[in-house]
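Take a look at the structure below.
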Amino acid sequence: MPLTPQRQTADKLIVAFNRMDIPAIMSFRAPTCTRHLLPQSMKLAPQDNTAYEKSLYSLKTVFQNFNLDVHEVIEDVEARKVVMWLSAKADTAAGEYVNEYMWVLEFDESGEKVVEVKEFVDTVVQREFWPKLQESMRRAREG
C-alpha cells in the first residue's frame with residue numbers, strides 16, 4: 001500500500017532534520033503551525049513559525065552531526081495525524097546531545113503541511129543538558 005501524503009511529509013521532515021536544512025523543515029509547516037513542547041509541567045510557551053525558525057537557527061550553530069532515528073510510527077489517516085517515536089544524537093560544545101522525542105504531527109487536508117506539533121521531550125535531558133548547552137551558546141555569541 002502506498003504511503004499517505006501525510007506520512008510522506010513526515011518522512012521528508014525527518015530527512016530535512018538530518019540535513020539540518022531549516023528552509024526545508026519550515027517548508028513543511030503551515031503558516032499558522034504551532035509547536036507545543038511537552039509535558040506541560042515544563043511550562044514552555046508554544047512557538048509559532050517565527051519563534052521556531054529562530055530556535056532552529058540558534059541550535060544549528062551548536063549541533064554538529066545531528067541525527068534523528070525513527071523507532072516507531074503510528075498513523076491515524078482520518079484524523080490526519082502521524083505519531084513518531086524518535087531518538088536524537090548530536091555533538092555539541094557542551095558534550096554529546098542524546099534525547100528522545102514523541103512527535104504528534106497534525107496535518108492539513110492535503111497532508112503536505114503540518115498545522116500543529118506536540119513534541120514530548122525527555123525532561124531529564126531538558127533539565128540537565130539544556131542549561132549547559134545554553135551556556136555554551138551564550139559563550140559562542142559573546143566570543
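The residues listed here are THR9, THR32; of these, the one that is hydroxyl-bearing (Ser, Thr, Tyr), more than 20 Å from VAL125 (Cβ to Cβ), more than 13 Å from the chain's Cα centre (by Cα) and not in a strand (DSSP E or B) is THR9. In segment 78-86, the count of residues that are among the small types (Gly, Ala, Ser) and either closer than 24 Å to ARG19 by Cβ or touching a Pro at 6+ places or on another chain (Cβ under 8 Å) (or both) is zero. Just give me the residues in segment 8-35 being of a type in the set (Lys, Arg) and under 15 Å from TYR57 (Cβ atoms), in sequence order. Within segment 8-35, ARG19, ARG29, ARG35 qualify. Test THR61 against the criterion of being touching a Leu at 6+ places or on another chain (Cβ under 8 Å) and within 18 Å of GLN134 (Cα to Cα), and give yes or no. Answer is no for this residue. On the stretch given as segment 95-130, residues that are surrounded by 16 or more Cβ atoms within 10 Å (Cβ to Cβ) and among the polar types (S, T, N, Q) total 1.
Looking only at residues in segment 60-85 that are closer than 21 Å to VAL125 by Cβ and touching a residue at least 60 places away in the same chain (Cβ under 8 Å), the one that is surrounded by the most Cβ atoms within 10 Å (Cβ to Cβ) is MET84. Checking TYR57, TYR52 one by one, the residue that is under 15 Å from the mean Cα position of the chain (by Cα), within 18 Å of VAL115 (Cα to Cα) and outside any strand (DSSP E or B) is TYR52 and no other. One residue stands out in segment 1-45 among those that are free of Cβ contacts under 8 Å to residues at least 60 places away in the same chain and of a type in the set (S, T, N, Q): the one that is surrounded by the fewest Cβ atoms within 10 Å (Cβ to Cβ), namely GLN40.
Check whether at least one residue in segment 76-89 is under 13 Å from the mean Cα position of the chain (by Cα), closer than 18 Å to THR34 by Cβ and part of a strand (DSSP E or B), and report yes or no. Checked against the condition, which is being under 13 Å from the mean Cα position of the chain (by Cα), closer than 18 Å to THR34 by Cβ and part of a strand (DSSP E or B), segment 76-89 yields at least one hit. Of the candidates VAL62, VAL124, the single residue that is within 18 Å of ASP21 (Cα to Cα), modelled with pLDDT under 95 and among the β-branched types (Val, Ile, Thr) is VAL62. Picking from residues in segment 131-140 that are more than 18 Å from the chain's Cα centre (by Cα) and of a type in the set (A, V, I, L, M, F, W, C), the one that is surrounded by the most Cβ atoms within 10 Å (Cβ to Cβ) is MET137. Picking from residues in segment 95-138 that are in contact (Cβ under 8 Å) with a residue 40 or more places away in the chain, charged (D, E, K, R) and not in a loop (DSSP other than H, G, I, E, B), the one that is nearest to ASP48 (Cα to Cα) is GLU116.
The values are calculated or read from the model by the stated rules, or taken from the named source; none is laboratory data. Just so it is clear, the structure is predicted and the values come from calculations on it, not from any experiment. A quick note on method: Cβ atoms are made from the backbone with ideal geometry, for glycine too, and the neighbour counts reach across all protein chains shown.
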